[in-house]
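For reference, the structure is listed below as structure tokens.
Throughout, read-outs are computed from the coordinates displayed, never taken from laboratory work. Source: prediction; values computed, not measured. All Cβ positions, glycine included, derive from the backbone under ideal geometry; neighbour counts span all protein chains shown.
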Amino acid sequence: MAAAALEPWQVAAPRRRRSAARRPRPREAVAARGPEAEPEVDGEVVLRRMQEARKDMLISDFWSSALETINTCLTKHLEQLMAPVGTLSEALGNLHLDSSPDDSDAAPGSIPGETLLTGTCHWKCVCYGIGNFSTCVIARNQLTFLLLFLEKCQIPRSHCWVYDPLFSQLEIAVLNTLGVIVLSENEEGKRSVHGERTIFYMLHCGTALYNNLLWRNWSVEALSKMVIIGNSFRGLEDRLLTRILQKNYAYIAKILQGLEEQEFPLTSQYTDMFNDTAVHWFPVQKLSQLSAPTWAFREEPDYRDCEDLEIIRNKTQDPSATDSNSL
């Protein structure tokens, strides 16, 4: 790929691991074929279109409002973990603005003076279900937001894991070029945080994916380290019948009393990309108030009788590898 097509998101050495995602919703299926869909092109064109999306997003009211929302939520999340309280830079570990382009921990393509460097607070990020960003405008803007967010919070791309079973070989190559880790297997969201602060970026994913993630981290210690940017849990509660929520998505039903969430701002320019999106975190104080029987229930979700399951199942996963999903 031409060097010019990679600026300011430059080449980084690819790495691969494993995880999960969902099947596309009807809206996304239409998006893949509708007016905003484009023929698949080569990597240089994809990167150029992402650069255009980046420029548009940076000057939008949505970007500044969304970043403020995330700032507020991360500050509260770290506050409940006895972390420093304050602005985004303080909340993420005494961050500062004099970034060095030669810093080995800097995100590929970081721009001096525009990004933040992490101090003692280290985050990891897992992204599920972006979709076909080479041909879909919605998916491309969602990926663009993720990359900008990583830059702003100075989370190294090598600390970001990405998976969608819909990725084409072209898209995998582009993601490797951008320096994020493309997971090679579908874990259906059953990924442990292993005691590390982890942000899960899961826009418009299937409900079972969130349920699986909660199950895999079903403890006060693990959930309190987790932030989820994805479908509003309160919205799921409103849309699903109570009996369906409790039967098919028991962990979402149980965690509703133990979470805080704040919705993303909506603007006309990005409504289709970020509608029904919220930032979720799980305060220790709230989690500790849940009953002992709530925590004692640890059965793995079973969706055999669930209609309209909105994830792609992994039919080839080796059972012996169930606990090998460390980030």
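Below is a table of values for the structure above.
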| read-out | value |
| --- | --- |
| Fewest-first sequence of Tyr249, Tyr128 by Cβ atoms within 10 Å of each Cβ | Tyr249, Tyr128 |
| Segment 272-280 - phi-based ³J(HN,Hα) in whole Hz, Karplus 6.51/-1.76/1.60, Gly and Pro as x | 5, 7, 10, 5, 6, 9, 9, 9, 10 |
| Other-chain or far-sequence residues with amide H under 5 Å of Asn186's (modelled H) | Ser19 |
| Estimated vicinal HN-Hα couplings, Hz - segment 155-171 in sequence order (Karplus 6.51, -1.76, 1.60; Gly, Pro = x) | 8, x, 4, 5, 9, 10, 9, 10, 8, 7, x, 8, 4, 7, 5, 4, 5 |
| Part-to-part distance (alpha-carbon centres) for segment 220-290 and segment 149-208, which is given in Å | 19 |
| Order of Thr144, Thr75, Thr294 - criterion: other Cβ atoms within 10 Å of each residue's Cβ, fewest first | Thr294, Thr75, Thr144 |
| Ile311 long-range amide H proximity, modeled H, under 5 Å | Arg23 |
| Burial ordering of Cys306, Cys205, fewest other beta-carbon atoms within 10 Å first | Cys306, Cys205 |
| Links that overshoot a 19 Å alpha carbon limit, given the list Lys190/Lys254; Lys152/Lys190; Lys124/Lys190 | Lys152/Lys190 |
